[in-house]
Each structure stands twice: as structure tokens, then as C-alpha cells.
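Data block below; observations after.
The values are calculated or read from the model by the stated rules, or taken from the named source; none is laboratory data. Quick caveat, the model's predicted, so the values are computed rather than measured. Backbone-built Cβ (ideal geometry, glycine too); neighbour counts: all protein chains shown. Quick note on the areas: whole protein, heavy atoms, side chains included, nothing else; ligands and nucleic acids left out. Shrake-Rupley method; radii C 1.70, N 1.55, O 1.52, S 1.80 Å.
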Amino acid sequence: MKEFIEKPNFLGGVTIKVSLPYSLSIDNLSPNEHLKMAEQFLSYAEKNIRNNYMKEKGTPIFEGISMSEQIQDYVLVFNKITSRANNIEEVKNVKDMRKHPWYIYDKAIVNRLEEDFIDFINNYVEELKKKYNEVYLIRNEKKVRLVEIDGTRGFMPDFLLYLRDIGCTYQVFLEPKGPHLLEQDRWKEDFLLSLTSRSDIEILAEDENVRLLGIKFYSSDCR
């Protein structure tokens, strides 16, 4: 408690700025008014501490997990939406993927943008197979979560592209993103792109030859 109150990394380094009428100075305030200001600040500090309590900060160290344990059958329940829907982009459709062995699930439950993204991968998959022995697109159903490096914001990328050649395995994190979210989620794109450029990325996995890659958002502008 003493350290929290006195140390400069905590309350000891805090300065409270007070706005007063021109005719008053801080010396004119009563001890009770000083106490109320301190209580208001401490209430503000408590709220912010609770909001960030025990949040983990992301590091450049990534821990490997068994993908076979993460990929499981799932059921997604949604209601049918009429053509009068406000945002047709968000209407969910069921896309049969049984003829596409590179897609992990038999069906893809996706909105229009995600469906366009899967079609884009389908058009490009033969080119990928010329370079890689294994090519799989995996829908991330709330299994893999990333936390920004040196920050606390986290997110779950919509898709993982798994590529493997003789010498290396690549995991590419992919995000289809509507135009209305491009600016709001810019930090996610910056984080994904940093995975390719940072030299301090460390991967804790059984296979040392694993590389993490992130690319720009796939958006409606890419169609």
C-alpha cells in the first residue's frame, strides 16, 4: 500500500490539475474540498484499474498448439433475414465446400464478403499447390486468439491459411474486412503485417521450421 501511494510509478507520480474561477486559487479551497477532489480522482483511478485488471500484454513469443485439438464440428444457429435487411453484407449463407478438400469444413457459414474471400482463395489455390505440398484454409471458430505485441488488445482472425513445403510450415492469418471497419480495425492490420517484418518473433513449437505471416485485410475494394 505504501509503495502504491508513494512510488512515482503509481500514485506518487500523479499530478492533479484543477480548473478554478479567476477569483480563486488553490489556497482558497477548504480541506474538505481538497478531500473531495482526491476522492474523485481515486474513484477515476479505481475504475481504470478494474477495466485493465489482469490483462495480459502480448509478447513476440508465440506458443504452438495442436490444430487437431482445435478443429471440431460445430453448430451455428442463425435466423433467416429477408431482402429488407439493412446490411445485406452481414446476411449469413451456407456454402457447400465438400468438393474443395483444401477447406477444412464440409460447409462454410459466411456472409457475402467472406464468401467472396473463399472464392478468391479457390481461384488461387492451384497456384499455391504448385509451390506448397499442403494447402488448407481453416475457419477460426473462436479457437486461436492473438494479442498485439506490447499491448492488451486481442482479436481472433477469421481465417488461417496453412501452407507447407519440404522445408517449412507457414501460418498466414487472414481477415476479410468490410469498408466500414477498415479504419476502426487498422491496428489489427498493422499487427498482422508486423508478424512478417519483425525479427524478434519467437515460436515455441515442436517444429522449429514454422513461420507466421500476416497480410493486408481482404476488403470489398479487393473484389
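For region 170-216, the candidate set comprises residues that are within 13 Å of the chain's Cα centre (by Cα) and among the aromatic types (Phe, Trp, Tyr); within that set, the residue that is nearest to GLU141 (Cα to Cα) is PHE173. Considering region 134-151 alone, what residues qualify as being among the β-branched types (Val, Ile, Thr) and part of a strand (DSSP E or B)? Scanning region 134-151 gives VAL135, ILE138, VAL147, ILE149. Restricting attention to region 152-178, the residues that are open to solvent by 40 Å² or more (accessible area, probe 1.4 Å) and outside any loop (DSSP other than H, G, I, E, B) total 4. Residues in region 19-50 that are closer than 26 Å to THR152 by Cα, of a type in the set (A, V, I, L, M) and open to solvent by 60 Å² or more (accessible area, probe 1.4 Å): LEU42, ILE49.
Among the criteria (1) touching a Gly at 6+ places or on another chain (Cβ under 9 Å); (2) more than 23 Å from ASP73 (Cβ to Cβ); (3) not β-branched (Val, Ile, Thr), the one PHE120 does not fulfil is (1). Looking only at region 183-223, residues that are in a loop (DSSP other than H, G, I, E, B), open to solvent by less than 70 Å² (accessible area, probe 1.4 Å) and closer than 19 Å to ILE118 by Cα come to 2 in all. Could you say whether any residue in region 130-151 is free of Cβ contacts under 8 Å to residues at least 24 places away in the same chain, closer than 30 Å to ASN51 by Cβ and surrounded by 16 or more Cβ atoms within 10 Å (Cβ to Cβ)? Checked region 130-151: at least one residue is free of Cβ contacts under 8 Å to residues at least 24 places away in the same chain, closer than 30 Å to ASN51 by Cβ and surrounded by 16 or more Cβ atoms within 10 Å (Cβ to Cβ). Residues of region 96-128 that are open to solvent by 30 Å² or more (accessible area, probe 1.4 Å), touching a residue at least 12 places away in the same chain (Cβ under 8 Å) and not in a strand (DSSP E or B): HIS100, ILE104, ARG112, GLU115, ASP116, PHE120, ASN122. For region 34-67, filtered to residues that are part of a helix (DSSP H, G or I) and polar (S, T, N, Q), the residue that is farthest from ILE149 (Cα to Cα) is GLN40. For TYR44, the conditions (1) modelled with pLDDT of 70 or more; (2) under 30 Å from VAL210 (Cα atoms) all hold with the exception of (2).
Out of all the residues in region 10-18, is one or more aromatic (Phe, Trp, Tyr), open to solvent by 80 Å² or more (accessible area, probe 1.4 Å) and not in a loop (DSSP other than H, G, I, E, B)? Within region 10-18, none of the residues are aromatic (Phe, Trp, Tyr), open to solvent by 80 Å² or more (accessible area, probe 1.4 Å) and not in a loop (DSSP other than H, G, I, E, B).
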